[in-house]
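Structure provided below as structure tokens; questions to follow.
The values are calculated or read from the model by the stated rules, or taken from the named source; none is laboratory data. Just so you know, these numbers come straight off a predicted model, no measurement behind them. Reconstructed Cβ throughout: ideal geometry from the backbone, glycine too, with neighbour counts over all protein chains shown. Each accessible area value is taken on the protein alone, full model and side chains, heavy atoms only, with ligands, DNA and RNA left out. Shrake-Rupley method; radii C 1.70, N 1.55, O 1.52, S 1.80 Å.
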Amino acid sequence: NDAFRQSEKLQAIEFEAGSSLRTIETNAFRECVSLTGFRMPASVETLGNCVFEKCSALTSVEFENGIALRILPTYVLRDCTSLRQISLPESLAAIDYGAFLGCTGLKSIDLSGVESLAYKAFYGSGLVSVVIPESVVTLEVNVFENCKSLADAVIDARLDAIPSATFRLCTALS
């Protein structure tokens, strides 16, 4: 835990080709305010909570092809206000509680293949549009709450109901 937490001058991390890193523990890069990008090795199977929380200069996160990561955990990218680009791995099944909460720079995301969106997963993010794909079978409450720029939402998922406050305070929706 806390491997590089609050390393204010840390700008980049590079992993050797063929890295065998399997887990990035909780808070590993939390509050590394100079970290601008991150390329996740294909060997990573598990991320702890809050790994990149409050990395305010982080603009992109990439996942190497073949990664088996199934879950983006609680607060993994919370308050990464500069995050502009993330391409989710094909293996990803779930986005956990508050994973993208406060990511105001994130304008769009492809959720193809994701099955579960947890409570406040995108709360207060900068999303302008979103498609909830057919693959989504679990949509918890408040997922997109307070996304003030969200103007377009398409629900392709076959849900029995839209949960409470899913789009609450999304003032740009028309």
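Determine the pairs where a residue that is more than 14 Å from Leu117 (Cβ to Cβ), located within region 143-171, has a partner that is open to solvent by less than 80 Å² (accessible area, probe 1.4 Å) and of a type in the set (Ser, Thr, Tyr) with Cβ atoms under 6 Å apart, the partner being 6 or more residues away or on another chain.
What qualifies is Asn146/Tyr123; Asp152/Ser129.
Now for a separate question. Ala57: closer than 24 Å to Ser108 by Cβ and either out of contact with any helix residue (DSSP H, G or I) (no Cβ under 6 Å at 6 or more places or on another chain) or without any contact (Cβ under 8 Å) to a residue 24 or more places away in the chain (or both), yes or no?
yes
Across region 76-101, what is the total count of residues that are part of a strand (DSSP E or B) and either among the basic types (Lys, Arg) or open to solvent by 10 Å² or more (accessible area, probe 1.4 Å) (or both)? Spell out how you get there, then give the answer.
First, the residues of region 76-101 that are part of a strand (DSSP E or B): 85-86, 94-95.
Keeping just the survivors that are either among the basic types (Lys, Arg) or open to solvent by 10 Å² or more (accessible area, probe 1.4 Å) (or both) gives 85-86, 94.
Going through region 76-101 one residue at a time, the tally reaches 3.
Could you please give the count of residues in region 47-72 that are more than 13 Å from the chain's Cα centre (by Cα) and on the phi > 0 side of the Ramachandran plot?
Of the residues in that region, 1 qualify.
OK, next. Scan region 140-172 residue by residue and report those that are open to solvent by 50 Å² or more (accessible area, probe 1.4 Å) and either touching an Asp or Glu at 6+ places or on another chain (Cβ under 8 Å) or outside any loop (DSSP other than H, G, I, E, B) (or both).
Across region 140-172, the qualifying residues are Asp152, Val154, Ile155, Asp156, Arg158, Arg168, Leu169.
Regarding region 102-118, can at least one residue be identified that is touching a residue at least 24 places away in the same chain (Cβ under 8 Å), part of a strand (DSSP E or B) and either within 20 Å of Asn1 (Cα to Cα) or of a type in the set (A, V, I, L, M, F, W, C) (or both)?
Checking region 102-118: at least one residue is touching a residue at least 24 places away in the same chain (Cβ under 8 Å), part of a strand (DSSP E or B) and either within 20 Å of Asn1 (Cα to Cα) or of a type in the set (A, V, I, L, M, F, W, C) (or both).
Same structure, new question: Collect the residues in region 16-51 that are polar (S, T, N, Q) and within 19 Å of Asp79 (Cα to Cα), keeping them in residue-number order. Give the derivation first.
Pass one, region 16-51, residues polar (S, T, N, Q): 19-20, 23, 26-27, 34, 36, 43, 46, 49.
Result: Thr26, Asn27, Ser34, Thr36, Asn49.
I'd like the full set of residues that are part of a loop (DSSP other than H, G, I, E, B), surrounded by 17 or more Cβ atoms within 10 Å (Cβ to Cβ) and either within 12 Å of the chain's Cα centre (by Cα) or of a type outside the set (Val, Ile, Thr) (or both), limited to region 120-139.
Going residue by residue through region 120-139, those that are part of a loop (DSSP other than H, G, I, E, B) are 120-128, 133-137.
Now narrow it down to the ones that are surrounded by 17 or more Cβ atoms within 10 Å (Cβ to Cβ): 120-127, 136.
Answer for region 120-139, where residues must be part of a loop (DSSP other than H, G, I, E, B), surrounded by 17 or more Cβ atoms within 10 Å (Cβ to Cβ) and either within 12 Å of the chain's Cα centre (by Cα) or of a type outside the set (Val, Ile, Thr) (or both): Lys120, Ala121, Phe122, Tyr123, Gly124, Ser125, Gly126, Leu127.
Kindly indicate the residue of region 36-62 that is closer than 13 Å to Leu21 by Cβ and outside any loop (DSSP other than H, G, I, E, B) and also most open to solvent (accessible area, probe 1.4 Å) among those meeting that condition.
Only one residue fits best here, namely Arg39.
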